[in-house]
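Read through the structure below, which is laid out as C-alpha cells, and then see the notes.
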Amino acid sequence: MAKHTVAIMGLGVRGKTHLKAILENPDRYEVVGLCDINVPKMEAVAASFGLSVPLFADVEEMLEATRPEAFVFVTYPDIRLSMIELAVKYGVRAVSLEKPMAESMLEAKKMTELCVANGIKA
C-alpha cells in the first residue's frame, strides 16, 4: 500500500495529538510539511517528534510547496472555510478538521459543497 502524504497546520495540543496519530501509522502516512504561526513552537514540536520536514509560517506556501494528499488543520472555526478553499486550490484529496466545522450553517454548507464538488473526503 502506498503512503499518503500529509501536511499539518496548527500545532497546539490538539494538533500535536493529530500529528502523533499520523506518525503512529508510518506504513500509511508520510508527513511532508508542518505549519504554525508560532515558529519557535513549531520548531520545538518538529524536534520533539524527530521530524525533519519543511516548516512553514504560511499555510498557502506549505500547500503549494508540499502538494499533500491530505491536509490536517487544527484551527479556530472562523478560518476553516478558507482552509477548504486552499485545499481545493492545491488539489488536496482529504481534509481533517475538528468540530464545530464552521461558524454558521451557511458556511458549513459551502464547505461541504466545495468538498463534494472537488472529490475531497472530509
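Read the figures in this text as sums done on the coordinates, not as results from a lab. Values in this document were obtained by computation on a predicted structure and should not be read as measured data. Every residue, glycine among them, receives a Cβ derived from its backbone with ideal geometry; neighbour counts consider all protein chains shown.
Residues whose amide H comes within less than 5 Å of that of Ser96, counting only those at least five positions distant or on another chain, are Phe71, Val72, Phe73 (H built at 1.01 Å from N in the peptide plane). With 27 Å as the limit, the listed pairs Lys3/Lys89; Lys41/Lys121; Lys20/Lys110; Lys41/Lys110; Lys20/Lys109; Lys41/Lys99 have Lys41/Lys121; Lys20/Lys110; Lys41/Lys110; Lys20/Lys109 beyond it between alpha carbons. Subtracting the Cα-Cα distance of Ala108 and Val53 from 0.36 nm times their residue separation leaves 16.6 nm of extension gain. The phi torsions of segment 9-18, fed into the Karplus equation with coefficients 6.51, -1.76 and 1.60 and a -60° offset, translate into couplings of 10, x, 10, x, 4, 5, x, 5, 5, 5 Hz, rounded to whole numbers, with Gly and Pro shown as x. I'd like the FRET efficiency for Lys121 and Arg28, computed as 1/(1 + (r/R0)^6) with the beta carbon distance as r and R0 of 22 Å, rounded to 0.05. Efficiency at R0 = 22 Å is approximately 0.95.
Once both labels are positioned 7 Å from their Cα atoms along Cα-to-Cβ, the gap between Glu60 and Val13 label points is 3.2 nm. Across the chain, the volume of the C-alpha convex hull divided among the residues equals 93 Å³ per residue.
Residues in segment 90-99 carry Karplus couplings, in order, of 9, x, 5, 9, 8, 10, 10, 9, 9, 8 Hz; the curve used is 6.51 cos²θ - 1.76 cosθ + 1.60 with θ = phi - 60°, and Gly or Pro positions show x.
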